[in-house]
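Chemist: Pasting in a structure now, in structure tokens, and then I'll have a few things to ask.
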Amino acid sequence: MGRLLTRTKLVRTDVKFTKQLIQFIILSIGLIFVVFSLPIADQYKESILQLLGIITGAAIALSSTTFIANAMSGIMLRIIKPFRVGDYIESEDIFGRVTDIHILHTEVQSIDRDLVTFPNLKLVSNPLKTIRTSGTIICTCVSLGYDVPRQRIEKNLLLAAEKTGLENPFVHVLELGDFSVTYKVGGLLKNIESLITARSDFKKAVLDALHEADVEIVSPNFMNQRILKEGTVFIPPKELLKAEVPEKPPKKKPEEIIFDKAIEAEILGRIEIVFSTLEEKEKELGQQVSGVPEQNRKAELSEKLEFLKTRKEEVKTEFEAMKKQMEESEEIIEPEMRSRQLQSLNLKADHLDIRRKKLEKELKEVLEKEEAEKSENRENLKRSQKN
């Protein structure tokens, strides 16, 4: 039954969710059959069914903060699909990457690397922001004095955004306060995988750009009770240049450590989609190969298809074994080893997908060539008949 379910379009997105839903439906139907099979009078059976109906109705009526409310919210999230596993989401005090979506709750990995479970009702009841994989705007605000020319500030803020690698940078004036002007600088970050680091690097770049331009960054109500010399500025002293020693690049980005569970869940989902697509396309590809008239070409394409099927089963067996180990206990496999194995499986799945696309392209070219030849033969036949 599970194998049959995994072939459906609904189950491809979440096998666990669908199995739980089907089990609940089967249990409800089974309960009704049990009531009908009881050796009691029909009027008692009707009374029992009415009682069950009243209980169900009462449960639905009181479902605003209960089990059923979260279940309904989980179904709603499945229908509207506001986010997927691996996405960054933000809602009130929630911020992190989604690691798993269940019928009753959603699991999010926070920026502290902790796994936080949220009832689906909370996500449905409050505004939810999903950071798009195509990129997001990152920005920061800084308050500067009226004594610094606006053009000079904008120039250095834009320079900081460009150094961070942001696209289409901008500077807005948010407020003309009593003591300072509030500037907002930002730009489009394409690679959201390094979102946390990029936000920090951007603020560093703004700080450095303003200090290098001798622009003081002080609070709007800045006061200092010490007696200072005239002309004292509040900029860190410039450090003496030293011979730069090349730093060893970190083995992992901070996001890879913080959101390791979310990244793993995203990779697992991607691999499952590749397998589902391959299984859907196998029959179609087999029919196309059998329709190739040229025997040598047909044998060559059949060999490629069989290799693709065999390789898919090998990788799938390896994938299922690892997935089972992860479900039983994450401690069985060391995090570093698990990460390497997942990346390896992801690479193998990508190769399978590339082979599948390449085979589809070859078949398309063969079938188009065959159709062109048939069309040409029909035209030649018409000409010969006219002559």
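Derivation of every value follows stated rules applied to the coordinates shown; laboratory data play no part. Model, not experiment: these values are computed from the prediction. We place every Cβ from the backbone using ideal geometry, glycine too, and count neighbours over all the protein chains shown.
Chemist: Rounded if a/c is under 1.5, else prolate if a/b is larger than b/c, else oblate: which is the stretch 77-131, with a ≥ b ≥ c the root eigenvalues of its Cα gyration tensor?
Modeler: Values: a/c = 1.40, a/b = 1.31, b/c = 1.07.
Here the stretch 77-131 falls in the rounded category.
Chemist: Also: Within a Cβ distance under 14 Å of Glu154, other residues only, what is the Lys/Arg minus Asp/Glu net charge?
Modeler: Numbers: positive: Arg150, Arg152, Lys155, Lys184; negative: Glu162.
For residues surrounding Glu154, the net value is +3.
Chemist: Also: Arranged from highest to lowest average of other beta-carbon atoms within 10 Å per residue, in what order do the peptides 136-147, 152-163, 288-299 appear?
Modeler: Numbers: 136-147: 15.6, 152-163: 18.9, 288-299: 13.6.
Highest to lowest by the protection proxy: 152-163, 136-147, 288-299.
Chemist: With the cut-off at 25 Å, tell me which of the pairs Lys261/Lys324; Lys298/Lys386; Lys81/Lys190; Lys323/Lys358; Lys281/Lys348 have Cα atoms farther apart than that. Mind showing how you got there, number by number?
Modeler: Working: Lys261/Lys324 16 Å; Lys298/Lys386 35 Å; Lys81/Lys190 22 Å; Lys323/Lys358 28 Å; Lys281/Lys348 18 Å.
In this structure, Lys298/Lys386; Lys323/Lys358 exceed 25 Å between Cα atoms.
Chemist: Quick one: what are the phi-derived ³J(HN,Hα) couplings along the stretch 118-129, Karplus 6.51/-1.76/1.60 with θ = phi - 60°, whole Hz, x for glycine and proline?
Modeler: Each residue's phi maps through the Karplus curve to give 10, x, 4, 4, 5, 6, 7, 7, 10, x, 10, 10 Hz.
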